[in-house]
Amino acid sequence: MRELVIHCDEGIAEDISDFLLDRGALSVSVEDADRDTDAEVPLYGEPGMELLAHAWQRNHVIALLDDETNTETLLLSLAVEFGEDEYIVSSLTEVEDKDWVRVTQTQFDPMKLGDRIWIVPSWHMTSHDVLQIRQNPDNLVIQLDPGMAFGTGSHATTRLCAEWLEQHPLKGKSVLDYGCGSGILSIIASKLNAAEVVGIDIDSQSVDTARNNALINHCQAYYGLPDELPEGRFDVVVANILANPLKALAPLLCNRVRPGGSLVLSGILEGQYEQMIDFYRPWIHLDVWQADEGWVCLHGTIEAEKSEA
């Protein structure tokens, strides 16, 4: 089995993907070539906003090929179809044939967030260590498998939000998790006795995943797409996304926090937080709550005179 990585611009990423699938690729994915850098560009959409592109400006098209694929013929066909000047073959490497399910599972162990939140993959739920963890009634054990939606607790942005939720009383309060992904933050809020929990995501698959995760963890929460966001304001609004969508969502997020309520923003790089604070200033005064691995979590309180902005 081999992995082919092609670097190309946005105009042909989808066409190259289709080309490779038509010629027998086992799978094809497209990633931002600037992923995990300051130049990363998130793709997102909101009601009334047109998604301006179907790919990033600089893309990595990643194809998995079986051993029977003649890669020399495939690359020649690719050059004829698109022209060699339109893309770069970044790499063609052998991929070891393994039991990938088992390999993947060994990479995910129970993970502690904050003082008492434990994120546990399903295959560890009956392990001796997890049974020991569950014996402490103060521990919050959440079953969550890595998979179809962002949010397993391993990323610093998620940890920051989880720790903020843990350190602020939520009993009896309402919480909006905007950009809920796997539902991890909304499930944590529910486990911390929030009275009302809502999770919103632009991706319907993430919404379905979050609903299923909440059901598995016996949590009451409502999940939906942006146009399904219930009316009203919340005591806490948390958004773990990225800088650009956080800017686009500023009016919506701030106006969904009730006066005296808290806004928590994560997904912001250390080099971006000052600009984010300035951007949100018309609605709310934000401060740095904590930083972790180059990421910053901001929080602030909506004052009564700002609530109608």
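Every read-out reported here was derived from the displayed coordinates using simple, explicitly stated rules and does not represent laboratory data. Since this is a predicted model, take the numbers as computed values, not measurements. All Cβ positions, glycine included, derive from the backbone under ideal geometry; neighbour counts span all protein chains shown.
Quick notes on this structure:
- Diffusion of the chain by Stokes-Einstein, at 25 °C in a medium of 0.890 mPa s and with Rh set to the Kirkwood radius over alpha-carbon pairs, works out to 115 µm²/s.
- Label-point gap, in nm, between D138 and S91 - each point 7 angstrom along Cα→Cβ: 4.5
- From its DSSP helices (H runs of at least four residues, each -39,500 (n - 2.57)), the chain gives a residue-normalised ellipticity at 222 nm of -8000 deg cm²/dmol.
- Sum of side-chain charges, K173 neighbourhood, beta-carbon under 9 Å (Lys, Arg +1; Asp, Glu -1): -1
- Sites H7 and Q275, calculated FRET efficiency, Cβ-Cβ separation with R0 22 Å, nearest 0.05: 0.15
- Counting lysine pairs in the chain whose alpha carbons fall under 19 angstrom apart, excluding pairs fewer than 8 residues apart on the same chain, gives 4.
- Computed from Cα atoms alone, the Kirkwood hydrodynamic radius reported for the stretch 151-306 is 15.2 Å.
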